[in-house]
1. Using a Gaussian network for the chain with springs between C-alpha atoms less than 10 Å apart, which of these wobbles most: L190, L236, L292?
2. In the chain, carbon and sulfur make up what percent of the accessible area (probe 1.4 Å)?
3. Residues of region 199-304: accessible area per residue at 1.4 Å, in Å²?
4. Please give every one of the lysines within straight-line cross-link reach of K27, meaning a C-alpha to C-alpha distance under 27 Å, and leave out same-chain neighbours fewer than 8 residues apart.
5. Taking the convex hull of the Cα atoms, report for the chain its projected area averaged over all directions, in nm².
6. Given region 176-304 reduced to its alpha-carbon atoms as identical point scatterers, what log10 I(q)/I(0) does the Debye formula return at q = 0.09, 0.15, 0.21 Å⁻¹?
7. Find the centroid of the Cα atoms in region 189-221 and in region 268-283, then give the distance between the two in whole Å.
8. Per the Kirkwood treatment, what hydrodynamic radius in Å, one decimal, follows for region 215-261 from the mean inverse distance over all distinct Cα pairs?
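The values are calculated or read from the model by the stated rules, or taken from the named source; none is laboratory data. Here the structure is a predicted model, which means the values were calculated and not measured. Virtual Cβ from ideal backbone geometry, glycine too; neighbours counted across all protein chains shown. Quick note on the areas: whole protein, heavy atoms, side chains included, nothing else; ligands and nucleic acids left out. Shrake-Rupley method; radii C 1.70, N 1.55, O 1.52, S 1.80 Å.
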Amino acid sequence: MTEATIRASPPKKRRRQRDRWRATGWKFAAPGLSMIAIVMGFPLVYALLLSLSAFTLLHPKLRPFVGLENFRAVMSDPYFWHSVWVTIEYSAVTVMGEFVLGLAIALVLNRVVRLKAIYFAILTVPMAMSPVSVGLVWHMLLQPNLGIINRLLDQSGIGGVDWLGDPHLAFWTVVFVDVWQQVSFVILILAAGLASLPREPYEAAEVDGAGEVQQFWYLTLPMLRPVAAIAIVIQLINETRTYDLVYVLTRGGPGIATDLLSYFAYRRAFLALTINEGAATSFFLLLMVLALTVVFFRLVTRRS
């Protein structure tokens, strides 16, 4: 039965038909939703119970429940707020770098006609590697005494650099490695968005005498905004919860220069043996990711 037939039916019959359609839709969606609830819902509920309990590795019992005491204990730690700021700065810098670099490369690839498939295949190599593998490879390349990069710098007369041991360089080194791996994902999304843009507005703009910069600013960016918003939100979520690279490359150091909130939660949970406070930190990170996502979507929607 088509939608036009439903609209032509009496009101009560339309409501019954829509109710049947809605019930059928819920029946089809029920298996997938149930699996999601089991896979994601149970860990979230258990983590919430941990964050509200007195559970530690030395006292592995949920009772007694202490309410928000774990959140207060975590937030009273000055290192916690340092980790929050480092996480925000890290996420902003990496997402901005990935988007700008990804958009530039996607624009170039959009003009390529020959061997485009080969270029895209090469770009997917870093994205296909696990963050742990990327961290180990770059850790060897950046090793201060035996790393290839410092050997090349020594031979060129510049001198080696302690990329991961200098508090001022370690943060930007981790940012560079992260952008190197994740920019491929942004390139693929933006390249797909560029390929789907209609040609008629560009042809009309050329007839009116608009240059390439004007076409990019007034046509490409506005039409690409929905795709760009999706890419930025996905990467914002990924970067805010980055853990693998920090663990492999710096372990939050030197000092606390790269102590992201995810690594702070790990230290609280498994090094300080306070699983409950680690769970509270993780829930704070979850709420921060949700807040950043909602704010960004509102800004994009309002701008649109």
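1. Evaluated over the chain, the most mobile residue of the options is L292.
2. For the chain, the apolar C and S fraction of the accessible surface comes to 69 percent.
3. Using a 1.4 Å probe on heavy atoms only, each residue of region 199-304 averages 53 Å².
4. Correct list for K27: K12, K13.
5. On the way: hull surface 101.1 nm².
For the Cα atoms of the chain, the hull's average projected area reads 25.3 nm².
6. Log10 I(q)/I(0), no solvent term: -0.42, -0.84, -1.20.
7. So the separation of the two Cα centres works out to 50 Å.
8. 12.9 Å
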